[in-house]
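See structure below.
The values are calculated or read from the model by the stated rules, or taken from the named source; none is laboratory data. Just so it is clear, the structure is predicted and the values come from calculations on it, not from any experiment. Cβ placement follows ideal geometry from the backbone for every residue including glycine, while neighbour counts extend to all protein chains displayed. Calculation scope for accessible area: heavy atoms of the full protein, side chains included, ligands and nucleic acids excluded. Shrake-Rupley method; radii C 1.70, N 1.55, O 1.52, S 1.80 Å.
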Amino acid sequence: MRKIVIDPVTRIEGHLKVEAVVDDGKIKEAKSSGTLFRGIELILRGRDPRDAAVITQRICGVCPTSHSTASNLCLDSAFGLGGSIPDNGRIIRNLILGAAHVSDHILHFYHLAALDYVDVTKVATYEGNNATLNSVKDFIQRGELGPFVPRYEGDYRLPAAVDQELVVHYVDALRMRRKAQEMCAIFAGKMPHNMTIVPGGVTEIPTIDKIASFLWRLNELRTFIDNVYIPDVIAAAGAYSDYFEIGAGCKHLLSYGNYDLDGKEADLTKRNRLFKQGTVSPDFKLGHLDVNAITEEVKHSWYEDSTTGRKPLNGDTVPKDDKAGAYSWIKAPRYNGQVYEVGPLARLVTTYLSGDPKVKALVDPALAKFKAKPDVLFSVLGRHLARALC
């Protein structure tokens, strides 16, 4: 029996520690510890509610737009504006959030995950005229390999030529991610931490110049995603087909939906959205989303509250760093008492199971390449594929 500790987990925003007790190749016990107390709820107390969207974004420099969007949806409801968002305001909100998601997915695959599959040291054998590879090769020869090392040694299977191509794509992806951030800033004012999403809509107005500037960058990103990002995910899947068999997780998914197609419905759980609302069970069945079934567990969290299973609205945030049996600053959300996964995979699968023809036209051909059933999306590679298709 041995204990494995990874502290910190560096490829995420935030401070995370993971501990696992392994016996005979099987994990017997695991703890995921959030080691940073942020206290955003406490910072908001006593403030003008309109400050919420500005303050909550500061929880993260990678995904601030999601916090801004969520805060303003709450304010829409609180101010009775939920069913009266102007179409231009709704569309611009979608464009801001969509640009942020494009940026995030490119970041996730290339700059956070791809280094598990790409052995950058193989660039040392490169002989050619590619400027990017020559630059990386120079860094290797000088012993300056950051940010590629230090690293946990991975399971590197790709041929040297493919490795070298993916290193070029890694560098290209930095530029493409910047373009997505610029797209976001066109209508959001700046990025990170946008300023223009407000209760009732946005403060920006669409002009010909802004639309053209946004679309020009979007067309470049479309080309990159279609011709580089998705093919790279498929190339990784070809070399790591066994990764379709690992990383299934809890197999319970939950989606609030994304990108309002109509701003006239006040009930956020019933709005017509591009990505649909709902839940997905381990047998790949679609269920109805009931937000009243969401609770928070704090038994093992460093908070005074000893009442577990409260609804978020009724929860307390009173720090207690010496609480017996606690190991994390993160509260544990539950849906009907069970663990559920949210995010791109949940949004994609929920929409796929709803029968949406556009999403089915994306997912089915991708699965056909691997002669796989939809349930392989519950996997390491399934999550990468879900992000790319989103």
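A few points about this structure:
- Residues satisfying the stated conditions in region 16-28, i.e. more than 29 Å from I59 (Cβ to Cβ) and in a strand (DSSP E or B): V21, V22, D23, K26, I27, K28
- Only a single item in (1) touching a helix residue (DSSP H, G or I) at 6+ places or on another chain (Cβ under 7 Å); (2) modelled with pLDDT of 95 or more is not met by Y170, and it is number (2).
- Filtered residues of region 195-215 (kept if closer than 28 Å to G80 by Cα, touching a helix residue (DSSP H, G or I) at 6+ places or on another chain (Cβ under 8 Å) and either of a type in the set (S, T, N, Q) or assigned to a loop (DSSP other than H, G, I, E, B) (or both)): M195, T196, P199, G200, E204, I205, P206
- Counting only residues that are within 22 Å of the chain's Cα centre (by Cα), in a loop (DSSP other than H, G, I, E, B) and not hydroxyl-bearing (S, T, Y), region 276-313 holds 5 of them.
- Within region 41-69, tally of residues that are at pLDDT below 90 and of a type in the set (A, V, I, L, M): 2
- Yes/no for E13 being outside any strand (DSSP E or B), open to solvent by 80 Å² or more (accessible area, probe 1.4 Å), within 30 Å of L215 (Cβ to Cβ) and modelled with pLDDT under 90: yes
- Of all residues making up region 232-265, the number that are surrounded by 15 or more Cβ atoms within 10 Å (Cβ to Cβ), assigned to a loop (DSSP other than H, G, I, E, B) and of a type in the set (A, V, I, L, M, F, W, C): 1
- Pairs where the first residue, in region 329-346, is surrounded by 19 or more Cβ atoms within 10 Å (Cβ to Cβ) and the second is part of a loop (DSSP other than H, G, I, E, B), C-beta under 6 Å, 6+ apart: W329/F37; W329/W302; K331/V298; Y340/H252; P344/C390
- Residue check, I330 at pLDDT 95 or above, within 26 Å of I40 (Cα to Cα) and either touching an Asp or Glu at 6+ places or on another chain (Cβ under 9 Å) or not polar (S, T, N, Q) (or both): no
- Listing of helices (runs of 4 or more DSSP H) fully contained in region 76-194 that carry 1 or more residues being closer than 23 Å to I12 by Cβ and open to solvent by less than 50 Å² (accessible area, probe 1.4 Å): 87-106, 160-188
- Count of residues meeting criterion [in contact (Cβ under 8 Å) with a residue 60 or more places away in the chain, open to solvent by 60 Å² or more (accessible area, probe 1.4 Å) and under 25 Å from P199 (Cα atoms)] in region 25-53: 3
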